[in-house]
1. Percent relative contact order of the range 31-85, based on C-alpha pairs within less than 8 angstrom and at least six residues apart?
2. Quick one: Debye curve from the C-alpha atoms of the range 21-174, no solvent, what's log10 I(q)/I(0) at q = 0.09, 0.16, 0.18 Å⁻¹?
3. Write down the accessible area per residue of the chain in Å², having rolled a 1.4 Å probe over the full set of protein chains.
4. Enumerate the lysines that Lys151 could reach by cross-link, defined here as Cα to Cα under 16 Å, with residues fewer than 8 away along the same chain left out.
5. Mind pulling the angle between the C-alpha long axis of helix 99-108 and the longest principal axis of the chain? Nearest 10 degrees, somewhere in 0 to 90.
6. Taking the Cα centre of the range 27-100 as origin, work out the dipole magnitude from +1 charges on Lys and Arg Cβ and -1 charges on Asp and Glu Cβ, in debye rounded to 20.
7. When only the heavy atoms of the protein chains count and the probe is 1.4 Å, how do Asp178, Asp46 rank by accessible area, highest first?
8. First select every other residue whose beta carbon is under 13 angstrom from the beta carbon of Leu28; then total the charges, Lys and Arg +1, Asp and Glu -1.
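The values are calculated or read from the model by the stated rules, or taken from the named source; none is laboratory data. The structure presented is a predicted model; accordingly, all values stated were derived computationally and were not measured. Because the Cβ atoms are built from the backbone with ideal geometry, glycine has one as well, and the counts that use them run over all protein chains shown. Note: areas computed on protein heavy atoms with side chains; ligands, DNA, RNA excluded. Shrake-Rupley method; radii C 1.70, N 1.55, O 1.52, S 1.80 Å.
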Amino acid sequence: MKSIWSHLEGKTHIIWDWNGTILDDVALMVDVISDILDDHGLERIDREKYVSLFRFPVKEYYKSLGFNFEKESFERLSEKFIAGYREGLINKTRLHDGMKEFLGAVNQANISQSVLSAAQQTYLEEQLHHFGVRDYFDHVYGLDDFHASGKLQRGKELMVAADIPRESAILIGDTDHDLEVGQALGIEV
């Protein structure tokens, strides 16, 4: 986390990704999607394959895993994934080591913080409260559904609502999509 501080010089606002960046949930993601793959007679994946294949929109990721949406709709597969994810959230995920303390130190440094996530809004808020970090964020922007189609539009809405100057903002995330969103918003990533 110490290496992040050098990127914060001159910044007044951090936009955080949630899943994978603040919340360490990769093992759960791999377990849940592997169980669904198993149910469909498809090959399970490991962490390396997950990291190499995962992308937005998530529908494209599902296609790369071999799912056939003529046999079962993407929406139904999403429902199965969310059910499995919710079931394992408490016991199989945690904040990355030192994250809660780091968020507190950022607030102490008078740098405001927001979350921009492809997670469904209400569920995202529940997770932030469960892990005891909701109060660190001025704004929380998730999606209206569980299909994780992308977060660029919500990022644009966040920038306007929070009145964040582009030059003083940074987006911190863990996927190519986070990089694409930050670049499209005109902020450092």
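1. Details: 25 pairs, mean separation 22.6, N = 55.
41 percent.
2. Ignoring solvent entirely, the Cα scatterers give -0.32, -0.97, -1.18.
3. 51
4. Lys59
5. Long axis of 99-108 versus the principal axis of the chain: about 30 degrees.
6. Values: 13 positive and 14 negative charges, 62 e Å.
My answer is approximately 300 debye.
7. Of Asp178, Asp46, the descending order of accessible area is Asp46, Asp178.
8. For residues surrounding Leu28, the net value is -1.
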